[in-house]
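Every number here is computed from the coordinates shown, using simple stated rules; none is lab data. Every value quoted in this text rests on a predicted model; they were computed, and no experiment measured them. No Cβ is skipped: glycine too gets one built from the backbone with ideal geometry, and neighbour counts run over all protein chains shown.
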Amino acid sequence: MTASFDIAKIRRDFPVLSEKIRSKDLVYFDNGATTQKPLTVIYALQHYYARENANIHRGVHFLSQQATFAYERARGRVGQFLNARESSEVVFVRGTTEALNLVAHSYGRSQLGPDDEIIVSQLEHHSNIVPWQLLCAEKGARLRVVPISDTGEFLFDEYAKLLSERTRIVAVAHASNALGTILPIKEIAALAHQHGAVVVVDGAQGVPHLPVDVQDLDCDFYAFSAHKLFGPTGIGVLYGKQALLRAMPPWEGGGSMIEKVSFTGTTYAPPPMRFEAGTPHIAGVIGLEAAIDYVNAVGREQIAAYEADLLAHADAALAAIPGLRLIGTARERVAVLSFALDDIHPHDIGTILDAEGIAVRAGHHCAQPVMQFYQVPATVRASLAFYNTRAEIDALVAALHKVKKVFGG
Ligand code: C6P
């Protein structure tokens, strides 16, 4: 670990981490659902509402201009964070779900027809399945699914077989929320492009763990949520290549997204404004910028290295528990551990862990096709972040031994 990665200081930056839950030290392992927020993000929101609150893009007065400047500066920061060519390739939305629906509604509805095909993988979150199913139903298009291996790997050869001249969209996760599997986006995109398909990446679980360079990946769209990146809820990003965004029709109408409105015909603003109808979540955007600044200051390479070390420790520690079955053991994973323990129901495990102050998610993780593949109704999922520690993993292991005792194991 690099000397600059000061875990004690990092933990002090996140006030909730020193909370007691049920008289126990909080161990927060539900980062896949949402991450905790550092003080810089909390203060940025407070500062905006206390000192700078105004609507944007429509006021000549000082505060409005200041808020507009802050909002557009944040767009630039997100663009740099993703290595987009231009900040106008960054569209602010409510979150990953809205970003994916935007692409399905705007790009999908205007470009797809009967017998066209959309490829997703077995690993997808419902947000990267259902919008495409709705689009297929409307257009008479077909959804094709790339299978996974028993360890939870994306089967690239099977993907290659599914691609054809009918493939219009390939929509895949950067990393699986249920298993942690990292998908080979760069290779997926290169092959999709050979067939003339566009590539949509659900980056909800990629951005918090991995450096993301959209130019290097050469994806056409990349979606993520601020709240999984230590930022506020209710704000997210759709990155889209400029040429694609320019050619896409609006999907929501209202203020801010127009050039000229009349009853004889309305014209639309260029992207990104074309896709940001109405008053946006200004404070959220400012909070997202603060979150990105925080992550950059910690260092994205450092975060990835620290989390790889945590994951290796957690894999070994959990494997040593008799009766524990890790679900999803792909070679390349972000720090997500999904598991079953004996035949104890995951919700019972989650409840007992909660009594120990340990927050995990028990359920299908909005990835029911993954559960169907492994023939389990649910798993327990510990999803880690860079503020977690080996000691917390050891606390989880000790608590899982208690769970076994309660169930006579
Ligand atoms: N996964 C989890 O506990 P929203 O809700 O729009 O911010 O993100 C949706 C989403 C899309 N894709 C992936 C891969 C995700 O993990 C999520 C959110 C949470 O795993 C809540 S279900």
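So here's what we get for this one:
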| item | result |
| --- | --- |
| Degrees between helix 390-406 axis and first principal axis of the chain (Cα, 0 to 90, nearest 10) | 60 |
| Entries in Lys139/Lys241; Lys9/Lys405; Lys20/Lys228; Lys9/Lys186; Lys161/Lys186; Lys139/Lys161 that, when Cα-Cα distance is taken, lie over 28 Å | Lys9/Lys405; Lys9/Lys186 |
| Anisotropy class of the range 91-140 from Cα gyration tensor, a/c 1.5 cut | oblate |
| Rounded to 10°, Cα long-axis angle of helix 346-355 versus longest principal axis of the chain | 80 |
| Peptides 102-111, 388-397 ordered by average Cβ neighbours within 10 Å, highest first | 102-111, 388-397 |
| The chain - charge dipole about Cα centre, Lys and Arg +1 at Cβ, Asp and Glu -1, debye rounded to 20 | 740 |
| Rel. contact order, % - alpha carbon contacts under 8 angstrom, at least six apart, the range 196-318 | 23 |
| Shape of the range 76-177, Cα gyration tensor, a/c cut at 1.5 | oblate |
| Packing rank of 330-343, 62-75, where each peptide gets the mean count of other beta carbons within 10 Å, highest leading | 330-343, 62-75 |
| Among Val298, Val170, Val207, residue whose mean-square fluctuation peaks in a GNM of the chain (springs only between Cα atoms under 10 Å) | Val298 |
| Cα gyration tensor, the range 366-409 - rounded (a/c under 1.5), prolate or oblate | oblate |
| Cα-based Rg / Dmax (Å) for the chain | 21.9, 75 |
| 12 Å beta-carbon shell around Val93, net charge (K/R +1, D/E -1) | -2 |
| For peptides 33-39, 378-384, sequence by mean Cβ density within 10 Å, most packed first | 378-384, 33-39 |
| Amide H within-cut-off set for Glu19, under 5 Å, with H built and near neighbours excluded | Leu26 |
| Sequence-distant residues sharing a close amide H with Gly255 (under 5 Å, placed H) | Gly278 |
| Alpha-carbon centroid distance for the pair the range 363-409 / the range 241-269, whole angstrom | 46 |
| Helix 185-194 vs. the chain, principal-axis angle (Cα, 0 to 90°, nearest 10) | 40 |
| The range 42-296: relative contact order in percent, alpha carbon pairs under 8 Å with at least 6 residues between | 24 |
| Sum of -39500 (n - 2.57) over DSSP H runs of 4+, divided by residues of the chain (222 nm, nearest 500) | -11000 deg cm²/dmol |
| Residue of Ile235, Ile352, Ile327 that the Gaussian network model of the chain assigns the largest fluctuation, springs spanning Cα pairs under 10 Å | Ile352 |
| Alpha carbon centroid spacing (whole Å) that separates the range 1-62 from the range 133-178 | 36 |
| Sequence-distant residues sharing a close amide H with Gln205 (under 5 Å, placed H) | His174, Ala175 |
